[in-house]
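The next block holds one structure in the form of structure tokens; read it before the comments.
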Amino acid sequence: MKKILIAHPDADMLDLMDTAIRDKFPDLITVGVRNLARAKDQCRAETDDPFCLVIANISIAADAKTPRNDNESKGIELLQSLASVGHGDAPTILIAPSVTNDLLASVQQLRNCSLLLMDHSAGFEEALLNAIARSLGTLQASEEEEPAQVKVVVSLNLEKQTFEYEMKGVGFTYSTPRAPLQVDSLGFKRLLNRSRRAGDNPDDWEQELLEIGQDLGSLLLYGNPGFLRELHDAQAKAGGAERKSICFDIDRSVYPAALEALTEPGEERFWMLEVPMYRRLTRSGQSALDRPVLFHKRVPRGPEPFSALIIESPASGPVENLTDKQGKRLFLKPLENVKEECDAVEAALSKRASPLRRIGPQDIPEGASFRTYVRDVLKEGKWDLVHYAGHSYYDETSGKGYLLLPGPFVEELDVELFNTYLDHARTRFIYLSGCQSSETGFVFEFARLQIPGVLGFRWPIHDQAALDFARHFYENLFSKSAAPCLERAFLATRCAIREIHKQDKIWAAAMLILQDPD
């Protein structure tokens, strides 16, 4: 039978935890100790059959003869020493009465460690059992339950000078009231300007993005210690720093900011590679969305049914009515992988979407243009998911976005007009694989025009990288037994593509917008 080591100074707590664990996990044996020296001795004695889990209270005595000193954190010392006593692979749980920045940093440096807060006795037993189940990989969420996580909503409106935050538990009871953030407006405007140029340098763009994220962390986190403390407390209650999602609720004045780069000052890692992160547009003065984000509705038996349309748009050549940033006629380079990308998306959706349809220039009826053909197909019926692979363009001067469609001459399809087609089709998610013409403002226009979910890219991206991102996104969306989740598939894809295309900006350029309700 598997064994758990528990190091806690209180004999009654050891008995309580032993009883709770044996009732919940009858195949586990607990070994209780009350000091650091005894815990290490037990580990050395069990090297042939290591403990499957080690639980330590943050405060334990050094040995049987030494009084406990709450300032020494001997529980952390125990967990740090496990490798030296033959238990380096064991997952761990650290029990603490409250959370601090230093404590959270110590936990994050430990391998496979969860932080369990015991700020009050009520609910501790249930929280302990859930933490053990997560650590041992035995926690199974029912169809009605979601894994515990905290949703952090950061609301930023530079034009109105309003900055706020709130947090809500998902899968557990937790909430904070909406509270103000103190943000230096001039400092934020400087970040906006840096964000606009962040992708221009082909050599140092990642370092520049990291510095933007660190400065953003200084403004939002270190500039608001109350918010930072509540964030640490909430994620500890949820089971760890990775058990959070971050939603930036923003208006147009904030949209160019590289918000996804957020990290704490001094850290060399991006939070966007660790937790789901997405945007939501402030909808003040607008009507509420009349259709929900795709896959946000829980269905008792399997994934939510959906329909899908793939638009294959290999346009190339000069564009008659549009000019580039230098004032020259816009010219589109051929996109070599559009067909292969659509093949991959079609394969991923073939057994899941019903109906599923793919259209391209080869399907255009005689006498029609691709633009009118797209219109007619979208008006035929309901298309929950639309995947567009091809060129797009955002004209900053006019503030208009366009899809660029193939034909004898490249056709422009105004985004606002396209949105009326999508609205007729009741579209709930659009994937914009805009390749070498993607722009921040272009993605913004789709979200502004009432599409509940949009995936697009901040900077121009390469054709091969676009293909790989699309393939991995749909594989991640449907790869697990759990219901599809756009934001988690997006996170998994970002991480995977960073490994595949280490020097390419695509993993950082990707943006997800979800108009989810509070």
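I'd like the full set of residues that are in contact (Cβ under 8 Å) with a residue 24 or more places away in the chain and in contact with a Phe, Trp or Tyr (Cβ under 7 Å, 6 or more places away or on another chain), limited to region 169-180.
Residues of region 169-180 that are in contact (Cβ under 8 Å) with a residue 24 or more places away in the chain, as a first pass: 169-172, 174, 176, 179.
Within region 169-180, just A179 meets the criteria.
For region 360-377: of the residues being out of contact with any helix residue (DSSP H, G or I) (no Cβ under 6 Å at 6 or more places or on another chain) and touching a residue at least 40 places away in the same chain (Cβ under 8 Å), which is farthest from V319 (Cα to Cα)? Show your work before the answer.
To start, the set of residues in region 360-377 that are out of contact with any helix residue (DSSP H, G or I) (no Cβ under 6 Å at 6 or more places or on another chain) comprises 360, 362-363, 365-369, 371-374, 376-377.
When the remaining residues are screened for being touching a residue at least 40 places away in the same chain (Cβ under 8 Å), the result is 360, 369, 371, 374, 377.
On the way: G360: 19, S369: 15, R371: 14, V374: 19, V377: 24 Å.
Out of the qualifying residues, it is V377.
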Of the conditions (1) over 19 Å from A348 (Cα atoms); (2) at pLDDT 90 or above; (3) surrounded by 19 or more Cβ atoms within 10 Å (Cβ to Cβ); (4) aliphatic (A, V, I, L, M), L467 clears all except one; give me its number. (1)
When you scan region 191-200, how many residues do you find that are surrounded by 13 or more Cβ atoms within 10 Å (Cβ to Cβ) and at pLDDT 90 or above? 4
Inside region 491-518, the number of residues satisfying the requirement of being out of contact with any Pro (no Cβ under 7 Å at 6 or more places or on another chain) and part of a helix (DSSP H, G or I) is 13
Name the pairs: first residue in region 120-142 and surrounded by 13 or more Cβ atoms within 10 Å (Cβ to Cβ), second residue modelled with pLDDT under 55, Cβ to Cβ under 6 Å, at least 6 apart or on different chains? A133/L139
If I ask for residues that are surrounded by 20 or more Cβ atoms within 10 Å (Cβ to Cβ), farther than 18 Å from Y388 by Cβ and β-branched (V, I, T), which ones from region 470-518 would you list? I497
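Of these, V293, V299, which one is within 30 Å of Q235 (Cα to Cα), out of contact with any Pro (no Cβ under 7 Å at 6 or more places or on another chain), modelled with pLDDT under 95 and among the aliphatic types (A, V, I, L, M)? Talk me through it step by step, then tell me what you get.
Numbers: V293 fails: out of contact with any Pro (no Cβ under 7 Å at 6 or more places or on another chain).
V299 is the lone residue from the list that is within 30 Å of Q235 (Cα to Cα), out of contact with any Pro (no Cβ under 7 Å at 6 or more places or on another chain), modelled with pLDDT under 95 and among the aliphatic types (A, V, I, L, M).
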Inspect region 79-91 for any residue being under 25 Å from E125 (Cβ atoms) and exposed (fewer than 15 other Cβ atoms within 10 Å of the Cβ) and give the result as yes or no. no
For K502, only one of the following conditions fails: (1) more than 22 Å from V415 (Cα to Cα); (2) among the basic types (K, R); (3) at pLDDT 90 or above. What is its number? (3)
Going through region 43-58 in order, the residues found to be surrounded by fewer than 20 Cβ atoms within 10 Å (Cβ to Cβ) and either of a type outside the set (D, E, K, R) or assigned to a strand (DSSP E or B) (or both) are A45, T47, P50, C52
Residue in region 426-440 that is modelled with the highest pLDDT, counting only those that are crowded, with 18+ Cβ neighbours inside 10 Å and over 18 Å from G390 (Cβ atoms): R428
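Can you find a residue that is under 21 Å from the mean Cα position of the chain (by Cα), closer than 22 Å to L281 by Cα, in the same structural domain as S354 (by TED's automatic domain parsing) and part of a strand (DSSP E or B) anywhere in region 458-470? Break it down stepwise before answering.
The initial filter retains those residues of region 458-470 that are under 21 Å from the mean Cα position of the chain (by Cα), namely 458-459, 461, 465-470.
Pick out the ones that are also closer than 22 Å to L281 by Cα and you get 458-459.
Among the residues that remain, those that are also in the same structural domain as S354 (by TED's automatic domain parsing) are: 458-459.
In the following step, the residues that additionally are part of a strand (DSSP E or B) were identified as none.
Scanning region 458-470, I find no residue that is under 21 Å from the mean Cα position of the chain (by Cα), closer than 22 Å to L281 by Cα, in the same structural domain as S354 (by TED's automatic domain parsing) and part of a strand (DSSP E or B), so the answer is no.
For the subset of region 187-243 comprising residues that are in a loop (DSSP other than H, G, I, E, B) and touching a strand residue (DSSP E or B) at 6+ places or on another chain (Cβ under 7 Å), which member is farthest from A508 (Cα to Cα)?
Of region 187-243, the ones in a loop (DSSP other than H, G, I, E, B) are 198-204, 223-224, 239-243.
Next, only the ones that are touching a strand residue (DSSP E or B) at 6+ places or on another chain (Cβ under 7 Å) stay: 239-240, 243.
Working: G239: 27, G240: 24, R243: 21 Å.
Only one residue tops the list, namely G239.
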Does D423 count as at pLDDT 95 or above, surrounded by fewer than 19 Cβ atoms within 10 Å (Cβ to Cβ) and not hydrophobic (A, V, I, L, M, F, W, C)? no
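Quick one: how many residues across region 378-395 are touching a Phe, Trp or Tyr at 6+ places or on another chain (Cβ under 6 Å) and either free of Cβ contacts under 8 Å to residues at least 24 places away in the same chain or under 17 Å from R358 (Cβ atoms) (or both)? Give the derivation first.
Residues of region 378-395 touching a Phe, Trp or Tyr at 6+ places or on another chain (Cβ under 6 Å): 378, 384-385, 387, 392-394.
The next check asks that each one be either free of Cβ contacts under 8 Å to residues at least 24 places away in the same chain or under 17 Å from R358 (Cβ atoms) (or both); those that pass are 378, 384-385, 387.
Number of matching residues: 4.
With a cut-off of at least 2 residues that are farther than 14 Å from E320 by Cβ and touching a Leu at 6+ places or on another chain (Cβ under 6 Å), name the strands (runs of 3 or more DSSP E) lying wholly within region 377-422.
385-390
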Of all residues in region 65-78, which are part of a loop (DSSP other than H, G, I, E, B) and either among the basic types (K, R) or modelled with pLDDT of 95 or more (or both)? K65, R68
Flagged pairs (Cβ under 6 angstrom, 6 or more apart or on separate chains; first in region 408-427, of a type in the set (A, V, I, L, M); second in a helix (DSSP H, G or I)) are L413/R371; V415/E445; A425/L378
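Checking the conditions here, which among D203, D215 is surrounded by fewer than 21 Cβ atoms within 10 Å (Cβ to Cβ) and modelled with pLDDT of 95 or more?
Unique residue meeting the criteria: D215.
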Of the residues in region 449-464 that are surrounded by 20 or more Cβ atoms within 10 Å (Cβ to Cβ) and more than 23 Å from V338 (Cα to Cα), the one that is modelled with the lowest pLDDT is I451
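The values are calculated or read from the model by the stated rules, or taken from the named source; none is laboratory data. This one's a predicted model, so the numbers in the text were calculated from it and none came from an experiment. We place every Cβ from the backbone using ideal geometry, glycine too, and count neighbours over all the protein chains shown.
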